[in-house]
Each structure stands twice: as structure tokens, then as C-alpha cells.
């Protein structure tokens, strides 16, 4: 990580009863130790050796340090230095820590963490007859049990519902998953309906996760075509004349014709 090493703008402290400015490794180590102590309290456990997690975050939670125009490395007094580059480099590491963002990243490794995948991205398309069902797969990618407190439609069309099984609240063990089913039973046709499904859990970073679902009701649509626009012309008494009548279904769903009079 990177910390302020300048003797002109380093860390203020008291030396011999008076104010002074500290810089370098000896000054940057205590702030980092204090920051980790705050992290320990926030997640409720000793994070221990967190270097593997820092690298797994791949720069998330840090402010990348880039060279000033014209600078290329940290050479000094003829000694070759290391280049400063975007991302990790040997001069500044991942950069300087951004406390809140880094804490949120660490929580995904030291507590429950929710992740979801949605069947067909919860897009029902056109539903012709009855209900259609799609599944939300909920995963715990953390290292503690994840408590699912509710999975409900909280906004939008009431034609979307979450089935009552499995019953909640429930716990998902680390590495496990639970599936929830969303049903769409359209009561209108030809109109795109939208709803928000909300998952409430004890994930410390995303306690309320909103998912959007949509679909439309469909039906058959009768279109008729008759030759000569239905004009039979002259027809003598006692004779008859036929013209073809074409029935065309221009809707997205099957059309049933029960009678023709």
C-alpha cells in the first residue's frame, strides 16, 4: 500500500513535548495498524493475515497512485527504481486505502455475502395461457451463514408473485444455494408488465437486493380477409356464388375458432 512519505506533508506527532512531522515507513505503519484495528471491530473478528484478501480485491478499496507527468520510476541518486504503473506496482502497491470502500470489500470475505443468478434474467416474454414460472438462484459466497429474511414483490404489477416455498426466514450455509420461484399470471394482454422483487438478508454490504422482472400477456387476434372486399356482384335469383373467407391469426398466441355463422 502507499502512504505519505514526504517530510513536508507527513504525519503530525508530538516529539519531546512539541509538534513535529514524521514520514517514511515508521510513520505509515501505525495508521495502517489503526485502520486494521477498526476493520477488526467492524467485522467482529480478527482479520489476521489479510494480504491474500487484499490481492483478491484486485485494487478495489484503494486509490491508485499514478506518476506525475514526466516521471517514470522512483530512481534516486543513480540507483535504478521501479516504474509506477496503473494497478499494482512495486512502488505504491495497490495505492492508498479508501477506508469505507476497503471495509466493504473485506466484509465479502469475512461474513455472509449474497449473490444471485436469474433464470432468463427474469424476463417472462409473452405468456399465453395460465402461469409461467422462473427461478432466482440465491448463493452465499461468504464464509458465514447468510440469513434470508424475506423475498417479496415490493413494487409494480401484482400479476407477479413469489411462491411461498421455501419458507423464510432461512439460513444458507457458506457455498450453498437456495432457489426461489417467481410466478407470472397475466390478467391483461399486449401490455408489458414490470415488477420489483426484493431480497432482504443480513449481507452487511447489500442487505436489500432489488431485482426487476417483466412479461406480457398474450392472446390470439383474428384478422379476416375476403375476396373482392366481400362484393359478390350480380347473382340471379335461385343461384349462388361463393367467395373465399380467410381467417388469419395475427396474435402471438394460439387462436381457437368455435363457430362460424
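Values quoted throughout were computed directly from the atomic coordinates according to the rules given, and no laboratory measurement underlies them. All of these numbers come straight from a predicted model, not from anything done at the bench. No Cβ is skipped: glycine too gets one built from the backbone with ideal geometry, and neighbour counts run over all protein chains shown.
Tabulated results
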{"item": "Burial ranking of peptide ranges 251-259, 98-106 (average Cβ count within 10 Å, highest at the top)", "result": "98-106, 251-259"}
{"item": "The chain: most fluctuating residue of 180, 13, 160 per GNM, C-alpha cutoff 10 Å", "result": "13"}
{"item": "MRE, 222 nm, helices only [DSSP H, n ≥ 4, -39500 (n - 2.57), over the chain, to nearest 500]", "result": "-4000 deg cm²/dmol"}
{"item": "Estimated FRET transfer efficiency when R0 is 22 angstrom, pair residue 223-residue 187 (beta carbons, to 0.05)", "result": "0.35"}
{"item": "Added length on full extension, which subtracts the Cα-Cα distance from 0.36 nm per residue, residue 38 to residue 77", "result": "10.2 nm"}
{"item": "By average C-beta atoms within 10 angstrom, highest first, the peptides 208-216, 237-245", "result": "208-216, 237-245"}
{"item": "Theoretical gain in end-to-end length, residue 26 to residue 53 [0.36 nm per residue, Cα-Cα removed]", "result": "7.3 nm"}
{"item": "Pairwise FRET efficiency - residue 131 versus residue 240, Cβ, R0 = 51 Å, nearest 0.05", "result": "0.55"}
{"item": "Rounded FRET efficiency, nearest 0.05, which uses the C-beta distance separating residue 150 from residue 45 and R0 of 22 Å", "result": "0.25"}
{"item": "Inter-label distance for residue 13 and residue 171, nm, one decimal - labels placed 7 Å from Cα along Cα-to-Cβ", "result": "4.5 nm"}
{"item": "Gap separating the Cα centres of segment 117-184 and segment 9-61, nearest whole Å", "result": "41 Å"}
{"item": "Sequence of 108, 137 once ranked by neighbouring C-beta atoms within 10 Å, starting from the fewest", "result": "137, 108"}
